[in-house]
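The values are calculated or read from the model by the stated rules, or taken from the named source; none is laboratory data. Every value quoted in this text rests on a predicted model; they were computed, and no experiment measured them. Note that we place each Cβ from the backbone using ideal geometry, even for glycine, and neighbour counts take in every protein chain shown.
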Amino acid sequence: MEKLLFKGFKVFDGKEFIKDDCVLVEDGKIAKIGSGLECADAEVVEGNGRLLTPGFIDLHAHFRDPGLEWNEDLKSGAMAGAAGGFTTLVAMPNTKPAVSEPALVEYVLSHGAAAKAARILPAGCVSKKREGKEICEMEKMAEAGAVFFTDDGSPVATSHLLRLALLYTGKRLPRVMEHPEEISLFQGGQVHEGRVSAMSGLKGIPGASEEIDVARGIALVRDTGSRIHFTHISCAGAVELIRNAKRAGLDVTCDTTFHHLTLNENAVIGSGYNSRFKVNPPLRSVEDQRALWEGLVDGTIDAIVTDHAPWHMDEKDEPFQEAPFGIASLECAAAVLLDYRAKNRPEVPLELIFTKMTSAPAALLPEKWQGLGVIAEGACADLTVIDEARTRIVDCQTWHSKARCCPWEGIALTSWPVMTFVEGRKIWQDDEEL
Amino acid sequence: MTWRHRSVIDVDDWTREEFLFFLDQSRHMENVMDRPVKKVPALRGKMCVNLFFENSTRTRVSFELAEKMLSADVVNWSVSGSSTAKGETMRDTAWTLEAMGADIVVMRHGAVGAAQYLASKLKHGIVLNAGDGTHAHPTQALLDVYTAWKHFGSLEGRKIALVGDVLHSRVARSDVIAFKTMGCEVVLSGPPTLMPREVECLGVTYERDARKAVEDADMVYLLRIQRERQQDGLFPSVDEYHRWWGADEELMKLAKPGALAMHPGPINRGVEIASEVADGHQSVILEQVRSGVATRMALLYLCGGGAR
């Protein structure tokens, strides 16, 4: 029986920091939590006051596998996640081919597991081949291991199809995860419609594009009695719609990204329209960014995700208008957010941030995965060690991810994950810790 | 004054003093244009590459004339036959230009940020932006300011009304910056569907009614309307456009006496500008074309090291 004793940590259990400072892990599960625990035959991990949290859970990441493995594959993605403190990653299905049948769900699961790093859970498409015409074999795909259904990269093509998907999934099958976007308002868009589009001449993407699709989803949830999850929410109007839907008792949940919380359109302008800052949905206004933080604090926003979107440098290193959308961030996302919070939002409790990265996203996964995202006796020993004092410069050249650029390249950040464990097995350790 | 600019992507980082210095240089360059032998040795031995990814006969010829009058060697890069058409990235293009020893690259490209990107990849070469998508057209702004400055002397306190498709206009964006830096009041007018949202962040006012916008204006600048915008549904018809935002003599009467009618060319007669205005006594459209050569000479001279 393999045993691991974490001693001298500030332990965050998924909701709050607890008074106990020791966690004993046996055979991949948390056996005991207490103060001053001893265990003669356990390997000891000394905390020295560092933080021990449940492993971070990212509900939205892109791994380009199958089909575009030169951008990222399931192995490099799983390693990148581990190096960012993530223990569970949900892989979006907009690959080539799209993950819209059970065999491909199994492919993602098995190839992800072979990496022996962060756990990769597949999301399946809503529509066959992601063509927006017919719903997939959702029962079979759920049975194979799909944890969400989404046509991410695009919204579900028609209201009729989304309604069918919501009726079919109900509250029994995994949630439908909607990429909220009204296509006719998005066409050709490059940046947020507002200051950055006015100054740059780039075609704007109005916040209304997102709001309209969120409103559609809410109306259909009300109509079907089902549930929906809106992903990468970016604007104030969408936050308000979801807040009201929750108040009305609808089962509507959402996430936002690390980059929308920590950057706004001014970063695009300030960078001289550097393609590193090109992302969909676009980095929005200061007011939108503020609304996301308010939504995080008041519970409207359930989870924080990366929307990790890796591209090969040859594809991303282009003039802004010609570069693809997407920010790769798995390896620095947690540090970006923790550093930003400490400097700009100190009034937001650290517990809240960690909750949105652990227990809250875990709660949106299917029944089989309940028990992730917490440190509790009997729970799965997915754990992340955070060193709040560690300062490091973001260096994409050293990443496990195949992506080689991100908005924070060259920036010094403080508060980094330094060790990651999945089911009690160490999957990553910062070189400086060795 | 020590000239600090090398590549010029836009004029948003130019001070008023730099503009004034530049205008003075442009006047000297215009004198060269009037000589029997229109050639000075300022850029002798320098290699200029005109890299045009979009068709633009006027701007390219204007640059080429300016380069030749300064005795630079000129190469016009034929994009359709280049590796770019075969899928070469702009990074490769930049490195190729560097390897070939280009000193100055004049680039027109359909993508916003292309000139900035090219400049970021060149270690030694100078990039002069001849228009990047709908973003910026700094040399158009320089020639516009120069044309107005020659007429009015100081531009402080003058009012310019830019009328038309501001949303898709790189000219408008650079002109707003340039004329504001020179102390002008800038008013924009045009259909709301051809106006950027949050346009006030450019430091201008928007007046939907062109008649109100041009009231007491010293300069009325008509922006080119592309007919395909009508196909996109951004305005209902050319007739309706001309009636509300096109410049005819009636509209020009609302501006100050002696107000200039300006246009970046080529003009759509009867759409954004009526012939009687385009060819009338207030029109400085051909002066703008001439100013284009002088100001591009000044820019090449200052940025290309002629002043050092």
Residues in the stretch A:234-245 that are crowded, with 24+ Cβ neighbours inside 10 Å and under 16 Å from residue A:205 (Cβ atoms): how many? 3
Considering residues that are assigned to a loop (DSSP other than H, G, I, E, B), out of contact with any helix residue (DSSP H, G or I) (no Cβ under 7 Å at 6 or more places or on another chain) and acidic (Asp, Glu), the number found within the stretch B:196-228 is 2
Condition met for residue A:282 (closer than 24 Å to residue A:187 by Cβ, at pLDDT below 95 and touching a Gly at 6+ places or on another chain (Cβ under 9 Å)): no
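Residue by residue, here is whether (1) over 16 Å from residue A:256 (Cα atoms); (2) crowded, with 22+ Cβ neighbours inside 10 Å; (3) without any contact (Cβ under 8 Å) to a residue 12 or more places away in the chain; (4) in contact with a Pro (Cβ under 8 Å, 6 or more places away or on another chain) holds:
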{"position": "A:340", "(1), (2), (3), (4)": "no, no, no, no"}
{"position": "A:343", "(1), (2), (3), (4)": "yes, no, yes, no"}
{"position": "A:349", "(1), (2), (3), (4)": "yes, no, yes, no"}
{"position": "A:357", "(1), (2), (3), (4)": "no, yes, no, no"}
{"position": "A:366", "(1), (2), (3), (4)": "yes, no, no, yes"}
{"position": "A:372", "(1), (2), (3), (4)": "yes, yes, no, yes"}
{"position": "A:378", "(1), (2), (3), (4)": "yes, no, no, no"}
{"position": "A:383", "(1), (2), (3), (4)": "yes, yes, no, yes"}
Mind listing whichever residues of the stretch B:215-244 are over 21 Å from the mean Cα position of the chain (by Cα), within 21 Å of residue B:179 (Cα to Cα) and surrounded by 15 or more Cβ atoms within 10 Å (Cβ to Cβ)? B:215
What's the total number of residues in the stretch A:285-319 that are modelled with pLDDT of 95 or more, under 26 Å from residue B:135 (Cα atoms) and not hydroxyl-bearing (Ser, Thr, Tyr)? 5
Candidates B:127, B:163 - the one that is within 14 Å of another protein chain (Cβ to nearest Cβ), surrounded by 23 or more Cβ atoms within 10 Å (Cβ to Cβ) and over 12 Å from the mean Cα position of the chain (by Cα): B:127
Can you pull out the residues in the stretch B:170-197 that are among the β-branched types (Val, Ile, Thr) and over 19 Å from residue B:265 (Cα atoms)? B:177, B:181, B:186, B:187, B:193
Checked the stretch A:168-206 for anything away from every other protein chain (no Cβ under 14 Å) and assigned to a loop (DSSP other than H, G, I, E, B); matches are A:170, A:171, A:172, A:173, A:174, A:179, A:180, A:181, A:182
Find the residue count for the stretch B:30-40, including only residues that are without any contact (Cβ under 8 Å) to a residue 24 or more places away in the chain and assigned to a loop (DSSP other than H, G, I, E, B). 4
Looking at A:4, A:68, A:52, which one is among the hydrophobic types (A, V, I, L, M, F, W, C) and assigned to a loop (DSSP other than H, G, I, E, B)? A:68
Does any residue of the stretch A:321-333 turn out to be small (Gly, Ala, Ser), in a helix (DSSP H, G or I) and at negative phi? yes
Residue in the stretch B:187-205 that is farthest from the chain's Cα centre (by Cα), counting only those that are of a type outside the set (Gly, Ala, Ser) and crowded, with 24+ Cβ neighbours inside 10 Å: B:196
The residue from B:118, B:143, B:97 that alone is in a helix (DSSP H, G or I), away from chain A (no Cβ under 14 Å) and touching a strand residue (DSSP E or B) at 6+ places or on another chain (Cβ under 9 Å) is B:97
Every pair of residues 6+ apart whose Cβ atoms lie under 7 Å, when the first sits in the stretch B:1-19 and is assigned to a helix (DSSP H, G or I) while the second is among the hydroxyl-bearing types (Ser, Thr, Tyr): B:16/B:181; B:19/B:181
What's the total number of residues in the stretch A:1-29 that are within 27 Å of the chain's Cα centre (by Cα) and at positive phi? 2
Among residues belonging to the stretch A:379-434 that are among the aromatic types (Phe, Trp, Tyr) and part of a loop (DSSP other than H, G, I, E, B), point out the one that is nearest to residue A:325 (Cα to Cα). A:408
Restrict the check to the stretch B:121-140 and report whether at least one residue is within 23 Å of residue A:316 (Cβ to Cβ) and assigned to a helix (DSSP H, G or I). yes
From the list B:27, B:91, which one is in a helix (DSSP H, G or I) and over 23 Å from residue B:305 (Cα atoms)? B:91
Only helices (runs of 4 or more DSSP H) wholly contained in the stretch A:246-312 count here; list those with 2 or more residues that are buried (at least 24 other Cβ atoms within 10 Å of the Cβ) and within 14 Å of chain B (Cβ to nearest Cβ). A:265-270
Answer from B:145, B:61 - the residue that is modelled with pLDDT of 95 or more and touching a Phe, Trp or Tyr at 6+ places or on another chain (Cβ under 7 Å): B:145
Which condition number in (1) touching a Phe, Trp or Tyr at 6+ places or on another chain (Cβ under 7 Å); (2) over 22 Å from residue B:147 (Cβ atoms); (3) within 14 Å of chain A (Cβ to nearest Cβ) is the one that residue B:241 fails? (3)
In the stretch B:281-308, which residues are part of a loop (DSSP other than H, G, I, E, B) and buried (at least 16 other Cβ atoms within 10 Å of the Cβ)? B:282, B:284, B:304, B:305, B:306
Filter the stretch B:173-205 for residues that are within 11 Å of chain A (Cβ to nearest Cβ) and among the hydroxyl-bearing types (Ser, Thr, Tyr) and give the result. B:174
Could you count how many residues in the stretch A:207-228 are surrounded by fewer than 21 Cβ atoms within 10 Å (Cβ to Cβ) and in a loop (DSSP other than H, G, I, E, B)? 1
Do we find a residue being hydrophobic (A, V, I, L, M, F, W, C) and within 30 Å of residue B:156 (Cβ to Cβ) anywhere in the stretch B:52-62? no
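Yes or no, residue by residue, for (1) more than 18 Å from the chain's Cα centre (by Cα); (2) modelled with pLDDT of 95 or more; (3) closer than 21 Å to residue A:233 by Cα; (4) not hydrophobic (A, V, I, L, M, F, W, C):
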residue	(1), (2), (3), (4)
A:94	no, yes, yes, yes
A:102	yes, yes, no, yes
A:107	yes, yes, no, yes
A:117	no, yes, no, no
A:121	no, yes, no, no
A:127	yes, yes, no, yes
A:160	yes, yes, no, yes
For the stretch A:214-236, check the following and say yes or no: at least one residue is within 14 Å of chain B (Cβ to nearest Cβ), without any contact (Cβ under 8 Å) to a residue 60 or more places away in the chain and closer than 17 Å to residue A:182 by Cβ. yes
So how many residues does the stretch B:102-115 have that are part of a strand (DSSP E or B) and more than 9 Å from every other protein chain (Cβ to nearest Cβ)? 5
